[in-house]
């Protein structure tokens, strides 16, 4: 009996064919995949972040996402996660957009505006927003978390190369259009318009100081504030139009310049900064009140300040002026000013006399001596004259 030739395997064993199959039967062709079935891209699938090998690679390349990020999104594209959305007006209630968003918003705002809210900020998000509006006359309209894996990986790579361990929380005020561009493409040194402490990207340690540089929307008066992390590194006091920041005493390149008070920071490199959150706020012109009740706000944008001055000048005076003129008498000529009390009738319509200048020291001394001589008896004055 002849047997069909059997191929040898790698370990020297024979591959036994299926004896039940017909020897001359052609092999069954493989079924083609359905036309509408697409092979998923491993870089775009939802289990991309859950892959353990990918997690190891991210940790090695400093690309591990923060703990607050939502996993499962596109690995290289921007993901904007809304945390708070509310309309303008006192009757608008804050609306957290997802579970756990209220606690994240409350922690973010309490850390940013802690100096305004005091040592014990309210525990509830609604009470915190109301207290912030009462003390600063600003209402927070929205809070959005910005998840940009590509920009965040470059930010972490900068920290590893320049050996910066801990970032610093800073704030950057800008227009709504530029805030959207920064969220998508990151900060750009070429877009900087200021060079008071050097040429670079400017941020502030105080959110109110950053809002003073945020140009409001002409229609809604909404201002945009970016909450970012700064890898500060070696620092020195800057100078106008400074392009090369130099090195420090150890020979390390200086990456950041500041003002004398260290409240404004100028970053030399784009990857030093990463924007984590976008906060929109609005100054309530309808509840202007007394600006002295909000000393926490250090300044306002020039466009907003013009609107504030216009709104204050349009308000009616609360107290009647002390020197308010009475209406002219019916017998006087048209347009003539009324007569001052105790003045002769012919002085009606004349401008009031300017107040006399205070007497000089010599005049006061002469008047005192003259008064003393007048009080003496006549013979005493003659004796004094002798």
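Residue by residue, here is whether (1) more than 30 Å from residue 150 (Cβ to Cβ); (2) touching a strand residue (DSSP E or B) at 6+ places or on another chain (Cβ under 6 Å); (3) part of a loop (DSSP other than H, G, I, E, B); (4) at pLDDT below 60 holds:
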| site | (1), (2), (3), (4) |
| --- | --- |
| 244 | no, no, yes, no |
| 280 | no, yes, no, no |
| 297 | yes, no, yes, no |
| 327 | yes, no, yes, yes |
Right, residue 107: free of Cβ contacts under 8 Å to residues at least 12 places away in the same chain and assigned to a helix (DSSP H, G or I) or not? yes
Search result, residues across region 64-95 that are at pLDDT below 70, assigned to a loop (DSSP other than H, G, I, E, B) and either out of contact with any helix residue (DSSP H, G or I) (no Cβ under 6 Å at 6 or more places or on another chain) or under 11 Å from residue 148 (Cα atoms) (or both): 72, 73, 74, 75, 76, 89, 90, 91, 92, 93
Hey, any hits in region 210-222 for a residue that's closer than 24 Å to residue 66 by Cα and either crowded, with 16+ Cβ neighbours inside 10 Å or touching a strand residue (DSSP E or B) at 6+ places or on another chain (Cβ under 6 Å) (or both)? no
Within region 125-141, does at least one residue satisfy the condition of being at pLDDT below 90, over 21 Å from residue 179 (Cβ atoms) and outside any helix (DSSP H, G or I)? yes
A careful count of residues in region 142-171 that are surrounded by 20 or more Cβ atoms within 10 Å (Cβ to Cβ) and part of a strand (DSSP E or B) gives 7
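The values are calculated or read from the model by the stated rules, or taken from the named source; none is laboratory data. Bear in mind that the values here come from a model prediction, so they are computed numbers and not experimental data. Every residue, glycine as well, gets a Cβ built from its backbone with ideal geometry; the counts of neighbours run over all protein chains shown.
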